[in-house]
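Just below is one structure, and these are the notes that go with it.
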Amino acid sequence: MRKSILILFLMTILLSMISFGKGEITFSKDIKNVTAITEPSGSGELFTAIAIEYKNNVDKKSLTKDTFSVEGRTVVNIYTNDRLELKNENKNGKYIIIELDKEEEGAVLRIQGSGRTSGFSFNISEPEAKITQKSGIIFTNGKKYNSGIDSFSNNNIKRLIVDDFKQFEYRDIKTGVTVKYNLYIPKNYNKNKKYPLVMFLHDASVQSNITTATLRQGNGATVWATPEEQEKREAFVLAPQYSTQIVNDKSEYTLDLDATVNLLTNLMKTYSIDKNRLYTTGQSMGGMMSIVMNYKYPDLFAGSYLVACQWDYSVVSPMSKNNIWITVSTGDLKAYPGMNAITTVFEQNGGIVSKGTWRGDFTKEQFNSGVKEILLKNPSSNIKYTTLEKGTIPGVKTQQNSGGAEHVYTWRVAYNIEGIREWLFTQKK
């Protein structure tokens, strides 16, 4: 009898604890879930917050910035919410949100040195946190939750913006190539309304069999799908994922490029997409792919944004009158001289080029002022060519290979320039 009572007692204790996945992730009976929250950025996916979900509403007045600590990270804010959302609305709720410093090294999830240029495949870590509750909290029902010095880890992950994309595969009959891709569908999609589509093409360092890699390596795709961006420029966002190199520095390309164009055609048959408002953008390999698509299919895109890329200037004349914005660093050993040659060909074949030189460390306001200057300089120009001064892009000076860093760090900046994004969406065929 005593043995049965003991077993029952032990089972009761076990049931009051919730274990998830790893053995160390054990919660008290008052906690339902602990979610690590990530956000996209130009330098890759960042681990920026934690949401602790309780079974009861937490009294916001019982919290301070020191209620919790996170091992190896700096806590910048703690507040309650009634939704799993990074928004401090000064209201009680079942969620405690712990915001972390986005600028510190521990926020970056992409493993440095990964990618084609270092001989490794794309590699990114999962957000893991060791959280310690340092002081008690009070629920709105008056119950106190002290739990001593309670430490626990996250059992869930929420990827802001990335989770809003859906993953698919397209089998192209014409080429025999299968293209993996991510697609953002406008939240209030209406088949009776026509929508623009912007396609982002990633660089060669993101070659991977993981379909979402292109969404996590930077913000070239995700920037177009943020709630703020969609409110201003509602659109489909297409982000193909390649496991092999599609173009190279010898100006050669594979059938994957044509299969991607055929994917666009297929999507226009499936969804209500405006064929007169298709846009392409890409960095490095992706920018090179966009160049090839522009001269091979010159009537396909209404506008293009080319970042840190180049191509054989002798073949680009068919795209001379297309609407194109180019951004490269003057310290980029290939893209800068390459784009100088290409824009010369554009001018020789009827293209009108407006040029501007910016610092890579401009503020948001300075970049947008720079965009306005370019647009006012020659309103009739169809080619906008902006360069970032060598040595001014944040982070470049800390790198040994400055030429390579000037190339890679360009796209950490390029997609944060709202004026260029706005310009792109004003282009129509």
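At a glance:
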{"read-out": "Only one of K91, K102 that is assigned to a loop (DSSP other than H, G, I, E, B), of a type outside the set (F, W, Y) and in contact with an Asp or Glu (Cβ under 7 Å, 6 or more places away or on another chain)", "value": "K91"}
{"read-out": "In segment 125-142, the residues that are over 22 Å from G72 (Cβ atoms) and surrounded by 11 or more Cβ atoms within 10 Å (Cβ to Cβ)", "value": "G136, I137, I138, F139, T140"}
{"read-out": "Residues of segment 353-365 classified as surrounded by 13 or more Cβ atoms within 10 Å (Cβ to Cβ) and farther than 17 Å from W411 by Cβ, total", "value": "4"}
{"read-out": "Given (1) more than 15 Å from K134 (Cα to Cα); (2) surrounded by fewer than 13 Cβ atoms within 10 Å (Cβ to Cβ), index of the condition K102 fails", "value": "(2)"}
{"read-out": "Qualifying position, being touching a helix residue (DSSP H, G or I) at 6+ places or on another chain (Cβ under 9 Å), over 16 Å from K321 (Cα atoms) and not small (G, A, S), among E389, E418", "value": "E418"}
{"read-out": "Every pair of residues 6+ apart whose Cβ atoms lie under 7 Å, when the first sits in segment 149-177 and is free of Cβ contacts under 8 Å to residues at least 12 places away in the same chain while the second is β-branched (V, I, T)", "value": "R171/T178"}
{"read-out": "Verdict on E406 being touching a residue at least 40 places away in the same chain (Cβ under 8 Å), surrounded by fewer than 20 Cβ atoms within 10 Å (Cβ to Cβ), within 25 Å of the chain's Cα centre (by Cα) and not in a loop (DSSP other than H, G, I, E, B)", "value": "no"}
{"read-out": "Residue among T327, T386, T343 that alone is at pLDDT 95 or above, assigned to a helix (DSSP H, G or I) and under 20 Å from A302 (Cα atoms)", "value": "T343"}
{"read-out": "Of the criteria (1) assigned to a helix (DSSP H, G or I); (2) more than 20 Å from P337 (Cβ to Cβ), which one D274 fails", "value": "(1)"}
{"read-out": "Some residue of segment 324-334 being without any contact (Cβ under 8 Å) to a residue 60 or more places away in the chain and not hydrophobic (A, V, I, L, M, F, W, C)", "value": "no"}
{"read-out": "Residues that are of a type outside the set (S, T, Y), closer than 17 Å to S284 by Cβ, more than 15 Å from the chain's Cα centre (by Cα) and assigned to a loop (DSSP other than H, G, I, E, B), drawn from segment 202-223", "value": "Q207"}
{"read-out": "Condition met for I374 (surrounded by 14 or more Cβ atoms within 10 Å (Cβ to Cβ), within 27 Å of V237 (Cα to Cα) and either modelled with pLDDT under 95 or not hydroxyl-bearing (S, T, Y) (or both))", "value": "yes"}
{"read-out": "Boolean, I374 is hydrophobic (A, V, I, L, M, F, W, C), assigned to a helix (DSSP H, G or I) and farther than 14 Å from L306 by Cα", "value": "yes"}
{"read-out": "Any pair with Cβ under 6 angstrom, 6 or more apart, that starts in segment 77-91 at a residue that is farther than 14 Å from N57 by Cβ and ends at one that is assigned to a loop (DSSP other than H, G, I, E, B)", "value": "I78/L63; I78/K65; I78/T67"}
{"read-out": "Among (1) under 18 Å from N294 (Cβ atoms); (2) in contact (Cβ under 8 Å) with a residue 40 or more places away in the chain - the single one K372 does not satisfy", "value": "(1)"}
{"read-out": "Residue in segment 207-214 that is over 24 Å from T270 (Cα atoms), free of Cβ contacts under 8 Å to residues at least 12 places away in the same chain and out of contact with any Phe, Trp or Tyr (no Cβ under 6 Å at 6 or more places or on another chain) present", "value": "no"}
{"read-out": "Of residues in segment 169-179 being in a strand (DSSP E or B) and within 15 Å of L255 (Cβ to Cβ), the one farthest from the chain's Cα centre (by Cα)", "value": "R171"}
{"read-out": "The one condition in (1) over 18 Å from T343 (Cα atoms); (2) of a type outside the set (S, T, N, Q); (3) without any contact (Cβ under 8 Å) to a residue 40 or more places away in the chain; (4) surrounded by 21 or more Cβ atoms within 10 Å (Cβ to Cβ) that M293 fails to fulfil", "value": "(1)"}
{"read-out": "Residue that is farthest from K275 (Cα to Cα), among those in segment 148-207 that are among the acidic types (D, E) and surrounded by fewer than 19 Cβ atoms within 10 Å (Cβ to Cβ)", "value": "D150"}
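The values are calculated or read from the model by the stated rules, or taken from the named source; none is laboratory data. What you see is a predicted model, and the numbers here were worked out from it, not measured in a lab. Heads up, the Cβs are rebuilt from the backbone with ideal geometry, glycines too, and the neighbour counts pull from every protein chain shown.
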